[in-house]
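Heads up: the structure comes next, in structure tokens.
The values are calculated or read from the model by the stated rules, or taken from the named source; none is laboratory data. Computed from a predicted structure; not experimentally measured. Using ideal geometry, Cβ is built from the backbone for each residue, glycine included, and neighbour counts are taken over all protein chains shown.
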Amino acid sequence: MSKPVPPDNKVDNAANNTASNAPSRQQIQRVVQRFYQKLMQDPQLAPFFSHIDDFTEHEQRISDFWTMSMGGKLEQPPKIDMIGKHFPLGIKAEDLQHWLALFSETLGEELPQQQALMWMDKAMTIAARMQQIVIDNQAMGVQIKDPD
């Protein structure tokens with residue numbers, strides 16, 4: 001299963017807590033680990049992640065992404081091509097809704113309510129963009145290939 005995510009990427013903790021209810025780096029890492037443990041056991045969502053060779057590295061990148069999304073500053077911010085990575089996977093609206101439900105459940109289990117709501121609000125905004133750019137374009141036959 002998932003190994004603990006090493007805190008390699010130095011974080012400016014003061015910037016990471018720009019909002020009083022922003023999760024800490026450690027909370028973000030814990031949520032990401034717990035979420036991916038659940039996700040990899042989920043028959044609907046696990047197949048989307050079967051191509052990932054280094055799950056520890058993946059969880060680190062996702063933790064970095066969420067840290068930046070919550071206002072944190074990283075010493076070496078990763079380059080993340082969310083659209084390019086997700087477009088070729090064939091994600092459907094029901095997959096995205098299931099992902100959101102599982103993520104919301106995990107946030108509720110791991111964080112105080114205010115932090116969970118703040119993070120879920122950000123996740124919903126990103127999901128709406130994914131729906132618009134990835135899922136709706138796929139339905140129209142648009143194809144984008146993963147650049148890697």
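Brief remarks follow.
- Of all the criteria given as (1) surrounded by 16 or more Cβ atoms within 10 Å (Cβ to Cβ); (2) modelled with pLDDT under 95; (3) under 22 Å from Met130 (Cβ atoms), the one not satisfied by Ile83 is (1).
Condition check ((1) of a type outside the set (Asp, Glu); (2) within 23 Å of Asp95 (Cα to Cα); (3) assigned to a loop (DSSP other than H, G, I, E, B)) across all residues:
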residue	(1), (2), (3)
Tyr36	yes, yes, no
Gln41	yes, yes, yes
Gln44	yes, yes, yes
Phe48	yes, yes, no
Glu59	no, yes, no
Thr67	yes, no, no
Gln76	yes, no, yes
Lys79	yes, no, yes
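- Looking only at region 39-64, residues that are touching a residue at least 60 places away in the same chain (Cβ under 8 Å) and among the acidic types (Asp, Glu) come to 1 in all.
- Counting the residues of region 86-113 that are farther than 11 Å from Gln131 by Cα, outside any helix (DSSP H, G or I) and of a type outside the set (A, V, I, L, M, F, W, C) gives 2.
- Among the residues of region 62-79, those identified as under 11 Å from the mean Cα position of the chain (by Cα) and either surrounded by fewer than 15 Cβ atoms within 10 Å (Cβ to Cβ) or not acidic (Asp, Glu) (or both) are Ile62, Ser63, Phe65, Trp66, Thr67, Ser69.
- Qualifying residue in region 100-120 (condition: at pLDDT below 95 and charged (D, E, K, R)): no
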